[in-house]
Amino acid sequence: MSGLERLRVGLGERSYDVLVGRGAKNELHGLLPPGARRAAVVTQEGIDFPVEPGVDFEVVTIGRGEAEKSLATIERLGRFFARIGLSRSDVVIGLGGGLVTDLAGFAAACWHRGTPVVHVATTLLAQIDAAIGGKTAVNLPEGKNLMGAFWQPAGVVCDLDALDTLPEAEWRSGLGEMAKYAFIGVDGLAEMELAAQVAACVSLKARVVSEDETESGRRAVLNYGHTLAHALEAAGLAEGEGQLRHGEAVATGLVFAARLAARLGRVGPEAIERHVALVSSYGLPVALPRGADPAALVELMRRDKKARGDLSFVLDGPRGVELVGGVPEQEVLAVLEEMGA
């Protein structure tokens, strides 16, 4: 198809393509695994982006909000798969944003101990990040994304047509994740057209995932800004409300990471200025939400998956963005207080 870019996530026999461009969903059938006779399409109410996978399919809808990202939802999806007779050689299709692709991917990983999944990403955040790389997870009351699996999709569709009607709040959330890519290796993002922006972010993520599929090394850079972001989201879950969307929380986390790196002497004050300027230019928050509790956030950050019994953060420094362990609690608290908690 003219104007369609095909990017490869190279993982040996688990390699797959990410299709970026307008009308990409029309190529969905070509991403399905050979032999699939039935598809379970996992989506949400209000996602008006119908797909035709080229095989018989049934649709199941899940709710909205982080509270839906739970083991109870995985059980409900599994029982739906059972009712429609989904076999291990069939396919699950995640049609939606990051919450949908996380749940669809985890459910597929669990169903019959591994059933193929293909994602049709309908938000900016999902297209540039969440739908790619095979990380799937659900939340627990104790924290975000604490239970999950690595389960690579058989393919990903990033159809830019889906973004034409994206609500402003979802668009801003995607920009928070895009800002991350600007700091970990994608230059000139702001000057690119949308298709090029999406393709550039996908290309970088594909390279990182190809080098480190299970986050044992370099892939940690993709979590830049996410340690505080996940703590903020977990704090919202504990209070029974979602204070920030994911990308907004990441934006705050990026500024926090720059301030912490400067406090530790890893970067100079100009790095803080760059982070604040870019995040602000996207209209995203550079301070903590009102009422945030620094001590509670530190405790939540201790539970982060990157931690090894200490406080660990992805921080910029002389060697670039990398994982740094053993960060003193008092330094973290000081930065949180600076950010308006």
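What follows is calculated from the coordinates using simple rules that are stated; it is not laboratory data. Fair warning: this is a prediction, and the values are worked out from it, not measured in the lab. Note that we place each Cβ from the backbone using ideal geometry, even for glycine, and neighbour counts take in every protein chain shown.
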Legend entry - Fluctuation leader among His119, His29, His230 - the chain, Gaussian network, Cα springs under 10 angstrom: His29
Inset, instruction - Only Cα pairs under 8 Å and at least 6 apart count here; give the relative contact order of region 1-143 as a rounded whole percent. - result: 21
Inset, instruction - Quote the FRET efficiency, to the nearest 0.05, computed for Leu333 versus Ala195 with a Förster distance R0 of 30 Å and r equal to the Cβ-Cβ distance. - result: 0.10
Legend entry - Residue of Val324, Val138, Val279 that the Gaussian network model of the chain assigns the largest fluctuation, springs spanning Cα pairs under 10 Å: Val324
Inset, instruction - With just the Cα atoms of the chain, tell me how far they stretch along each of the three principal axes, in Å, largest first. - result: 57, 41, 36
Legend entry - Ellipticity estimate at 222 nm from DSSP helix runs (n ≥ 4, -39,500 (n - 2.57)) divided over the chain, nearest 500: -12000 deg cm²/dmol
Inset, instruction - Filter the GluC sites (Glu not before Pro) in region 90-186 down to the DSSP loop ones having no more than 12 other Cβ atoms within 10 Å, then list what survives. - result: Glu142
Inset, instruction - Label region 266-319 by shape, choosing from rounded, prolate and oblate, from the square roots a ≥ b ≥ c of the eigenvalues of the Cα gyration tensor; if a/c is under 1.5 it is rounded, and otherwise prolate applies when a/b is larger than b/c, oblate when it is not. - result: oblate
Inset, instruction - Only loop residues by DSSP count here, and only those with at most 12 other Cβ atoms within 10 Å; note down the GluC sites (Glu not before Pro) in region 216-293 that meet that. - result: Glu239, Glu241
Inset, instruction - List every residue whose amide H lies under 5 Å from the amide H of Val59, counting only residues 5 or more places away in sequence or on a different chain, with H placed 1.01 Å from N in the peptide plane. - result: Val41
Legend entry - Candidate aspartates and glutamates - alpha carbon under 15 Å from Lys144, same-chain residues fewer than 8 apart omitted: Glu66, Glu68, Asp102, Glu233, Glu239, Glu241, Glu299, Asp304
Legend entry - the chain: relative contact order in percent, alpha carbon pairs under 8 Å with at least 6 residues between: 15
Legend entry - Backbone HN-Hα couplings from phi across region 96-103 [Karplus 6.51/-1.76/1.60, Hz, Gly and Pro as x]: x, x, x, 5, 5, 5, 4, 5
Inset, instruction - Pull up all non-local amide H partners of Thr123: gap of 5 or more, or a different chain, and H-to-H distance under 5 Å with H placed in the peptide plane. - result: none
Legend entry - Arg38 long-range amide H proximity, modeled H, under 5 Å: Val91
Inset, instruction - Using θ = phi - 60° and the Karplus relation 6.51 cos²θ - 1.76 cosθ + 1.60, list the HN-Hα couplings for region 177-188 in order, rounded to whole Hz, with x at every Gly or Pro. - result: 6, 5, 4, 4, 5, 5, 8, 10, x, 9, 8, x
Inset, instruction - Pop out the ³J(HN,Hα) list for region 4-15 in order, Karplus 6.51 cos²θ - 1.76 cosθ + 1.60 with θ = phi - 60°, rounded to Hz; leave Gly and Pro as x. - result: 8, 9, 10, 10, 9, 9, x, 9, x, 5, 9, 5
Legend entry - Exposure proxy order (Cβ contacts within 10 Å, fewest to most) of Met301, Met147, Met339: Met147, Met339, Met301
